[in-house]
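Data block below; observations after.
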Amino acid sequence: MNGRPHVTLEDVARAAEVSLATASRALNGTTKVRSDLRERVVAAAEKLAYTPNAHAQALAGASHRTVGVICHDVSDPYFAAVARGIMRVAGDNGLLVMLASTFRDPQKEIAYVSMLRAQRASAILLIGSGFEDKAWERALAAELDPYRRGGGQVAVVSRHRSLRVDTVQPENREGAAKLAKALLEQGHRRFAVLTGPKELTTVVDRLGGFRDELAAHGVELRDSDIVEGPFTRDGGYDAMRRLLTDGLDATCVFAVTDVMAIGALTALRESGRSVPGDVSLAGFDDIPVVRDLDPPLTTVALPLEELGAKAMELAVKGNRGSRSRILRLAGEVVLRSSTAAVK
């Protein structure tokens, strides 16, 4: 199936040549579907061996209470710390955790959700950034909505714009604004930003909060000052190299994740630049390793393990109401010696 790990409702809808909504209604017993359309959807589902929603009875009768956790990259210390909080609460409640990495592929995320439905997971947790992608939003909602109606619990970490599910939301925009203000107070007026893919809501929020705070103080962040790369150590390294090649005139570089900042620090050292002597460097998240860098990294500290624990608690408690719950956790600026006052 085109190399994808599981057949999704989107695959069925495409094969039957109907909308996602029609496919969902047809396979979940809704009567508001024409008989010919229902037959096309059912035939497509059978041909593709699609497994429909695990209904409430199946969930209740499952031999193991399992929770599916879908993250972008479990090797990233950010997700490892969040997952630790999830697993702690899951263990306290006798739940088994299945963990999957999408590597920021929105189609893999949809496929894993569909697979977890088929495996009768009692809860599904999404602990990565959402995507600024309407097609992805519709396809994911088409998987999650019937799952929730059947008794499954859903909770997410980070902002997912259109998903009406329980959410633990780090205050990315506010944290980035606090960091910009702290760096401005050190006297910096020329900035560069190393950012991840701009379709990720985390990038939108962190870059937006940083840029808006600079603008409020009369400091412009030009498009040429922003370099995009993958949300990885190598992504930060390559983005920093490109910035250096183009000519670095900033006194401070902000990497929107600590992992990118680690790569950027190596690139700066290789170029002969001193941090913070020649240029200051800041990150975001406060993953444990950044305290041990030389120099230790200025960053925005998020309560990473608590993010995961709170999401798991929301799923364990369940939500029988019609409105989703949103918990907001703030980040705090931690000034370390990778940034210094402008001389």
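The values are calculated or read from the model by the stated rules, or taken from the named source; none is laboratory data. As the structure is a prediction and not an experimental result, all values here were calculated from the model. Every residue, glycine as well, gets a Cβ built from its backbone with ideal geometry; the counts of neighbours run over all protein chains shown. Only protein heavy atoms, including side chains, enter the accessible area calculation; ligands, DNA and RNA are left aside. Shrake-Rupley method; radii C 1.70, N 1.55, O 1.52, S 1.80 Å.
About the Cα centre, and with charges only on the beta carbon of Lys, Arg (+1) and Asp, Glu (-1), how big is the dipole of the range 260-343? Nearest 20 debye, please. Write out the running numbers ahead of the final one.
Working: 11 positive and 10 negative charges, 103 e Å.
In total the dipole reaches around 500 debye.
Using only helices, what value at 222 nm comes out for the chain when you add -39,500 (n - 2.57) per DSSP H run of length 4 or more and divide by the total residues, to the nearest 500 deg cm²/dmol?
-14000 deg cm²/dmol
Over all alpha-carbon pairs in the chain, figure out the percentage whose distance exceeds 39 Å.
Tail of the P(r) past 39 Å holds 23 percent of the pairs.
So how much accessible area does residue 50 have, in Å² to the nearest 10, using a 1.4 Å probe?
Accessible area, nearest 10 Å²: 20 Å².
For the chain, with only Lys/Arg (+1) and Asp/Glu (-1) charged at the beta-carbon, what is the dipole magnitude about the Cα centre, in debye rounded to 20?
It comes to approximately 1220 debye.
For residue 44, what is the net charge nearby, where nearby means another residue's Cβ is under 12 Å from its Cβ and Lys, Arg count +1, Asp, Glu -1?
-1
Can you compute the charge dipole magnitude of the range 172-302 about its Cα centre, using +1 on each Lys and Arg Cβ and -1 on each Asp and Glu Cβ, nothing else charged? Give it in debye, rounded to the nearest 20.
Values: 15 positive and 21 negative charges, 31 e Å.
Here the range 172-302 has a charge dipole of around 140 debye.
Taking a temperature of 20 °C and a viscosity of 1.002 mPa s, what whole-number D in µm²/s does Stokes-Einstein yield for the range 172-302 with Rh from Kirkwood over alpha carbon pairs?
152 µm²/s
Return a single number: how many Lys pairs in the chain, at a sequence separation of 8 or more or on separate chains, have alpha-carbon atoms below 19 angstrom apart.
4
Which whole number of Å³ per residue matches the convex hull of the alpha-carbon atoms in the range 298-343?
66 Å³
With a 1.4 Å probe and all protein chains left in place, how much accessible area per residue does the chain have, in Å²?
Per-residue value: 44 Å².
How many nm separate the modelled label positions at residue 96 and residue 132, each set 7 Å beyond the Cα in the direction of the Cβ?
4.1 nm
As a test, work out the antiparallel percent of DSSP beta bridges whose residues both lie in the chain, rounded to the nearest 5.
On the way: 4 of 37 bridges.
Restricted to the chain, the bridges split so that about 10 percent are antiparallel.
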